[in-house]
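Here the structure is laid out as structure tokens; the discussion comes afterwards.
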Amino acid sequence: SVTLPKNILQIESGFYFQDEEAFNTLFRYGISKNVELRLNTNLLFLDSYDGLNIDSPKLGDLELGAKIQLFNSGDSATTVAFLTHLSLPTASKYYSNNGYGTLNRFLISHDLSETFSIGYNLGYNKIYGQKGSFVYTLALAKSINSWGVYAELYGEEAKGDSQFNFDAGLTYLIKDSFQLDISFGEGINNELSYFSLGASWNYNLKKN
């Protein structure tokens, strides 16, 4: 629920292992005190599609977006932001949603203490030609020196379909500009199961 400061570039990248594997990279750049621009990419490793052998890996659809800080006061433990992404059908056959889409959500968090916070997100995703879905997340996070741990309940509701999931993760801040993370997730009412490894880098472009 917090945007990056102006002139800060952050790169968040990693592998996640599910039914298929993917290498995800999110680029975030602060253009003002309250706005950051975002570019999300996925390199997808698909073994087959409907029994067909296909070329792999290939890039999935690009997502362009922004996060806008709506409320962040030093006198309040609560922060609020709005996140929006436009999904572009840039990928080749089998790797694309085959339509433009929007992914939107409000991000809210509360600092319960200097090391403990709770956050929740509410949003709506829609790909043209497909049914839309309401999405939600409830997360608890705790920091212990350079370590961080979190747990989430999250899911989505679409007409005739409901998915409810759990995940948890661990982060380690090696230095102020570099962090490692590991996480796993399981479906509560579905067969979701994933494991991921990642890293994040933070750069002050004005300073460099």
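The values are calculated or read from the model by the stated rules, or taken from the named source; none is laboratory data. These numbers were taken from a predicted model, which means no experiment stands behind them. Every residue, glycine as well, gets a Cβ built from its backbone with ideal geometry; the counts of neighbours run over all protein chains shown. Accessible surface areas use protein heavy atoms only, side chains included; no ligands, DNA or RNA. Shrake-Rupley method; radii C 1.70, N 1.55, O 1.52, S 1.80 Å.
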* From the backbone phi of the range 90-99, what are the Karplus-calculated ³J(HN,Hα) couplings (6.51 cos²θ - 1.76 cosθ + 1.60, θ = phi - 60°) in whole Hz, Gly and Pro given as x? -> 8, 7, 7, 3, 6, 10, 10, 6, 6, x
* **Cα radius of gyration and Dmax for the chain (Å)** => 17.8, 58
* Asked: How far is the Cα center of the range 25-75 from the Cα center of the range 147-192, in Å?
  -> 16
* Structure fact -> Restricting to Cα pairs under 8 Å and 6 or more apart, the percent relative contact order of the range 1-116 works out to 21
* trypsin sites (Lys or Arg not before Pro), loop per DSSP, at most 11 other Cβ atoms within 10 Å - longest free stretch of the chain -> 34-92
* To do: Report, ordered by chain and residue number, the lysines lying within cross-link reach of residue 159, taken as a straight Cα distance under 29 Å and ignoring same-chain residues fewer than 8 apart.
  => 67, 93, 126, 131
* **Projected area, mean over directions - the range 94-153, Cα convex hull, nm²** => 5.8
* Can you run the Rg to Rh ratio on the range 126-166? Use alpha carbon positions and the Kirkwood inverse-distance Rh. => 1.22
* Asked: Once Rh for the range 59-128 is found with the Kirkwood sum over Cα pairs, what is the Stokes-Einstein diffusion coefficient at 10 °C and 1.306 mPa s, in µm²/s?
  -> 114
* Asked: For the range 21-114, what Kirkwood radius comes out of the mean inverse Cα-Cα distance, in Å?
  -> 15.5
* Asked: In whole percent, how big is the carbon plus sulfur part of the accessible area of the range 1-130, probe 1.4 Å, protein atoms only?
  -> 57
* Structure fact -> Over the range 72-181, the quotient of the Cα radius of gyration and 2.2 N^0.38 Å is 1.30
* To do: Check each of the chymotrypsin sites (Phe, Trp or Tyr not before Pro) in the range 48-139 and keep only those in coil by DSSP with at most 11 other C-beta atoms within 10 angstrom; list them in order.
  => none
